[in-house]
Amino acid sequence: MKLRNRLFEKVAVLALVFGLASVTITSNAVAGFPEKPINIWVGFSAGGSAHTISTLIAKELKKTLGQPIVVTVKSGGAGSVMAAQLAKVKPDGYTLGVAVMDTWAFMPLVSKKASYEIGDFTYLGTLTTGSPCFYVKADSPWKTFNDLIESAKTAQEPIKFVSLAPSVTLQFKSITKQAGVLNKFSIVTARGSSRAVPMILGGHADLGWGGGGHNKYVSKGKLRNLVITDKSHMADFPDLPTLVDLGYVGFPTGFKLIAGPKGIPADITKVLAGAIEKAVNVPDVVKIMKNFNDPVEYNSPDVTKKEIYSQTDYFRNLLAEFGKKKKIGQ
Amino acid sequence: METILAGISDVITLTNILYILLGVFTGIVAGAIPGLSGITAIAIAIPFTIYLSPLTAVAFLIAINKGSTVGGAISAILLNTPGTPDATATTFDGYPLAKKGKPLKALTIALYSSVSGDTFSDMVLIVASASLVTFALKMGPIEFTAFVILSLTIIGAFAEDSMIKGLIAACFGVFLRTVGLDPESGTERLTFGVVDLMGGVPLLAVGIGTLALGEIIRQIEVRVSTAGEGISLKVSKNRTDGHASWKEYKRCLPTIFRSAIIGTFVGAIPGLGSTVAAFLGYNAAKSSSSNPEEFGTGKLEGIAAAEAANSSVVGANLIPLLLIGIPGNVAAAFLIGAFMIHGITPGPLIFESHARLIYGLFGAMVIANICNFLIGNIGLRFFALLIRAPSTIVFPVIVLFCMSGTYMIEGGLFAVGIMLAFGIVGYLMRKLRFSFVTFIIGYILGKEFEIGLRQTIIITNRNPKAMLDHPVAIIVFLMAIAFVGYITYRNLKQYRTNSKS
């Protein structure tokens, strides 16, 4: 790790020379932790929502902790590339990682050789939650989720569903199985809502699922939400039912969260968790994340840990039911 | 109309113009340094734009993007090392002309063509984009897959000496892109248990290694074996060789115009990007020229064709970005992130919800083109000084930038190792005359191609008859087949005449 840090310093100096970036060392360092810059690794590519929340809280953490926060992108494998490396660093609180619930609760289950497990981390808190829904084009004959299920029962051609990730596909299968229409759908996968929404708007597929990015189109009357796949109702669409309201089980949310390697001392965890809670609730941060349709929702380390363990149990059951060996996407 | 004027007047403030100037300058510098590229500059700049106004922020980032297309030509022409894949076609005639002692002539024609192509494509964007929404949405996975196949075929076919070798290289690129997690099932493919490979072989590491480092290794070999010929260029003292004249520019205009149309079209299709455009433009110029054998020897039209085409992608790329929210390339993906930070979701609704901002942005693009021209004109003379630096200094500096650039973008020493390995791959491909360019393009398009193809199979429900609902896709597929037929016929004819004589 030392080598990597040292190289990063060199790169930073280089960037400084070119006037492209600056890493400022603040003078008001507090006694004890932290004594040196803290690294935040982001499990998703630059410019996206995970990277944005990391950059934003880095700015705020620097104010609270008095040390520079270095945000580095380590994207790939739904955050698992980052998590695998994070599991191996020294648990001193100087290296943290931001990724989604799936990264910790789902990826270790499907990846045979994933070199990390859910227990290898110290969970420091949730940062944001999406507003996930099933949606259709506004001129679709299906007004409600029940319309969709009724029409699926008699459908001759398969209904085309756009999934965004293997975990979504798996959960979709569970829901359609509960409704008794599992084999009435064909499932395509798109990379992110930005790709899925045009497929629905252009009529290339019939049903979509989005974590929140699609809601702008709903407000403008181009798409229609059928049902929320989260526990709580949405402020913007108060009448929209949740899957739980309709009597279904499952489909937990896609929280973004921050964690470190297992074994970070309790007092350091406390300092970090406090600073993180303060950082995500800064009005500017809240406003920008609302723009991203990924609203801030902070939860304490204990709640986060409980949530992540319950999600992994849920996924383990789904995998047992639908089989790891069968191709999930088909 | 009122919105348009309001939007344009929004952009004409001192702050905006200063940021655009700064952006263009940063872009040119970053584009000129192999291993850095406009993408690096945009990635570094994004966090700094969070607290700017949305218009200033996006104008700044687009100015960087525009500057980098001009900058990319500088190292391509002077050092024969394209900093980014899209400047590769520029090396074909740019470097030979520089070697003839006319590097400044090559650089100025590149600048003029670049700015002309860019302006053309901006005009198309400004005039047509609002009416293109419906058309853009009709481009589904099936049509996209067809376009990828057509462009891989065309580029493979024009690769150096043999179409078969070109297609092999392209397939190798596509194959290499399958490493990592399966996009649908999430299972690992070809990772051999290496965690760093779960996200795939890092894109920029492969690009920088194959294109920049591979060329450096080849040049070192040339220097060692010819006792120091390398990149030491002699500059002609003749004044007319120091710039491109109005007459020469006029001679290139038909080429520029053709390339600009090609580039704009390619830019409007998400995923193909400026590298594809540059090659299509270059090959179109070559095959419609009356003396195609002069291409590759330092022909001005060759430089103009490549530069006009790759720059005209920048404006047109905003068509899919703004209208359907799909980024046309990596730089555009960063721009989407920048839009989102400011609460603007690119997509079919953007002209309804953010019309004023979009027209302001168009105004900024025009201003950026003017800045590009001005700064470019001064910058070229400054960069031409580079060729005086001995290669014992230039090479190590470039290698350092390749390494640090890869580390910064991909975030890790693993990527640097991959970059070094692909430097060797790039060198071997040059020696064995496998087109490293088709390889890179296959690699860049590989992931979208795989997803598009799998989506196509599922959407058509494995029933070929469903294709009949997609006439555009059928036409494009037929074009690809016809193209292979034509090239095979041409090569056979050439083979026969050769064996007769």
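The values are calculated or read from the model by the stated rules, or taken from the named source; none is laboratory data. Computed from a prediction, not measured in an experiment: that's the story for all the values here. Using ideal geometry, Cβ is built from the backbone for each residue, glycine included, and neighbour counts are taken over all protein chains shown.
Scan segment A:158-190 residue by residue and report those that are closer than 20 Å to A:Leu246 by Cα and among the small types (Gly, Ala, Ser).
Passing the criteria: A:Ser174, A:Ala179, A:Gly180.
Pull out all pairs, ordered by first then second residue, where Cβ-Cβ is under 6 Å, the residues are six or more apart or on different chains, the first lies in segment A:302-319 and is in the same structural domain as A:Ile258 (by TED's automatic domain parsing), and the second is among the β-branched types (Val, Ile, Thr).
Close Cβ pairs satisfying both conditions: A:Thr304/A:Thr126; A:Thr312/A:Ile118.
What about B:Gly94, is it out of contact with any strand residue (DSSP E or B) (no Cβ under 6 Å at 6 or more places or on another chain), more than 20 Å from B:Thr297 (Cβ to Cβ) and surrounded by 24 or more Cβ atoms within 10 Å (Cβ to Cβ)?
No, not satisfied.
Which condition number does B:Ser289 fail, the rest of (1) modelled with pLDDT under 90; (2) farther than 25 Å from A:Gly202 by Cα; (3) surrounded by 24 or more Cβ atoms within 10 Å (Cβ to Cβ) being met?
B:Ser289 satisfies all of (1) modelled with pLDDT under 90; (2) farther than 25 Å from A:Gly202 by Cα; (3) surrounded by 24 or more Cβ atoms within 10 Å (Cβ to Cβ) except (3).
Mind listing just one residue for me: the one in segment A:194-210 that is outside any loop (DSSP other than H, G, I, E, B) and among the aliphatic types (A, V, I, L, M) and, of those, farthest from the other protein chains (Cβ to nearest Cβ)? Give the derivation first.
Just the residues of segment A:194-210 that are outside any loop (DSSP other than H, G, I, E, B), to begin with: A:194-201, A:207-210.
Now restrict to residues that are among the aliphatic types (A, V, I, L, M): A:196-197, A:199-201, A:207.
Values: A:Ala196: 10, A:Val197: 7, A:Met199: 7, A:Ile200: 10, A:Leu201: 5, A:Leu207: 13 Å.
Only one residue fits best here, namely A:Leu207.
Checking the condition buried (at least 23 other Cβ atoms within 10 Å of the Cβ), of a type in the set (Lys, Arg) and within 11 Å of chain B (Cβ to nearest Cβ), which residue from A:Lys160, A:Lys74 passes? Steps first, answer last, please.
Details: A:Lys160 fails: buried (at least 23 other Cβ atoms within 10 Å of the Cβ).
Among A:Lys160, A:Lys74, only A:Lys74 is buried (at least 23 other Cβ atoms within 10 Å of the Cβ), of a type in the set (Lys, Arg) and within 11 Å of chain B (Cβ to nearest Cβ).
Would you confirm whether or not segment B:66-77 contains a residue that is surrounded by fewer than 24 Cβ atoms within 10 Å (Cβ to Cβ) and either more than 14 Å from chain A (Cβ to nearest Cβ) or over 16 Å from the mean Cα position of the chain (by Cα) (or both)?
First, pick out the residues of segment B:66-77 that are surrounded by fewer than 24 Cβ atoms within 10 Å (Cβ to Cβ): none.
Checking segment B:66-77: not a single residue is surrounded by fewer than 24 Cβ atoms within 10 Å (Cβ to Cβ) and either more than 14 Å from chain A (Cβ to nearest Cβ) or over 16 Å from the mean Cα position of the chain (by Cα) (or both).
Does A:Gly212 count as at positive phi and in contact with an Asp or Glu (Cβ under 7 Å, 6 or more places away or on another chain)?
On the way: at positive phi: yes; in contact with an Asp or Glu (Cβ under 7 Å, 6 or more places away or on another chain): yes.
Against the criterion (at positive phi and in contact with an Asp or Glu (Cβ under 7 Å, 6 or more places away or on another chain)), A:Gly212 qualifies.
So the check is Cβ under 7 Å with 6+ separation or different chains; which pairs have a first residue in segment A:218-243 that's in contact (Cβ under 8 Å) with a residue 60 or more places away in the chain and a second one that's β-branched (Val, Ile, Thr) and part of a loop (DSSP other than H, G, I, E, B)?
A:Leu226/A:Thr144; A:Asp230/A:Thr253; A:Leu243/A:Thr229
Tell me yes or no: at least one residue of segment B:163-175 is under 30 Å from B:Gly200 (Cβ atoms) and basic (Lys, Arg). Outline the logic, then answer.
Narrowing segment B:163-175 to residues under 30 Å from B:Gly200 (Cβ atoms): B:163-175.
Checking which are basic (Lys, Arg) leaves us with B:165.
Yes, segment B:163-175 has at least one match.
Could you tell me whether A:Arg191 is facing chain B (nearest Cβ under 9 Å), more than 26 Å from A:Tyr298 (Cβ to Cβ) and not in a helix (DSSP H, G or I)?
On the way: facing chain B (nearest Cβ under 9 Å): yes; more than 26 Å from A:Tyr298 (Cβ to Cβ): yes; not in a helix (DSSP H, G or I): yes.
The answer is yes for A:Arg191.
Conditions (1) of a type in the set (Gly, Ala, Ser); (2) surrounded by fewer than 24 Cβ atoms within 10 Å (Cβ to Cβ); (3) under 28 Å from B:Asn283 (Cβ atoms), marked per residue:
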position: B:Ala106; (1), (2), (3): yes, no, yes
position: B:Ile109; (1), (2), (3): no, no, yes
position: B:Gly117; (1), (2), (3): yes, no, yes
position: B:Ala128; (1), (2), (3): yes, yes, yes
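Could you pull out the residue among B:Gly452, B:Gly423 that is assigned to a helix (DSSP H, G or I), touching a Pro at 6+ places or on another chain (Cβ under 8 Å) and in contact (Cβ under 8 Å) with a residue 60 or more places away in the chain? Outline the logic, then answer.
Numbers: B:Gly423 fails: touching a Pro at 6+ places or on another chain (Cβ under 8 Å).
One residue alone meets the criteria, B:Gly452.
Show me the helices (runs of 4 or more DSSP H) entirely contained within segment B:123-190 in which 1 or more residues are at pLDDT 80 or above and away from chain A (no Cβ under 14 Å).
Values: elements: B:133-138, B:141-158, B:163-177.
Of the helices (runs of 4 or more DSSP H) lying wholly inside segment B:123-190, those with at least 1 residues that are at pLDDT 80 or above and away from chain A (no Cβ under 14 Å) span B:141-158, B:163-177.
Residues checked against (1) farther than 28 Å from B:Ile341 by Cβ; (2) more than 16 Å from the chain's Cα centre (by Cα):
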position	(1), (2)
B:Tyr51	no, yes
B:Val58	no, yes
B:Leu61	no, yes
B:Thr81	yes, no
B:Lys99	yes, yes
B:Tyr112	yes, yes
B:Val115	yes, no
B:Val124	no, yes
B:Met139	no, yes
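Condition check: small (Gly, Ala, Ser), assigned by TED's automatic domain parsing to the domain that holds A:Phe121 and in contact (Cβ under 8 Å) with a residue 40 or more places away in the chain. Does A:Ser49 satisfy that? Explain how you work it out, then say what you get.
Details: small (Gly, Ala, Ser): yes; assigned by TED's automatic domain parsing to the domain that holds A:Phe121: yes; in contact (Cβ under 8 Å) with a residue 40 or more places away in the chain: yes.
When the stated conditions are applied, A:Ser49 passes them.
Checking A:Leu96 against (1) more than 13 Å from chain B (Cβ to nearest Cβ); (2) surrounded by 19 or more Cβ atoms within 10 Å (Cβ to Cβ); (3) farther than 24 Å from A:Ser310 by Cβ: exactly one of these is not met. Which one?
(3)
Within segment A:43-72, work out how many residues are of a type in the set (S, T, N, Q), in contact with a helix residue (DSSP H, G or I) (Cβ under 7 Å, 6 or more places away or on another chain) and modelled with pLDDT of 85 or more.
Residues that pass the stated criteria total 2.
For segment A:105-150, enumerate the residues that are more than 26 Å from A:Ala179 (Cα to Cα) and within 14 Å of chain B (Cβ to nearest Cβ).
So the first thing to find is which residues in segment A:105-150 are more than 26 Å from A:Ala179 (Cα to Cα), and the list is A:107-108, A:111-129.
Across segment A:105-150, the qualifying residues are A:Met107, A:Pro108, A:Ser111, A:Lys112, A:Lys113, A:Ala114, A:Ser115, A:Tyr116, A:Glu117, A:Asp120, A:Thr128.
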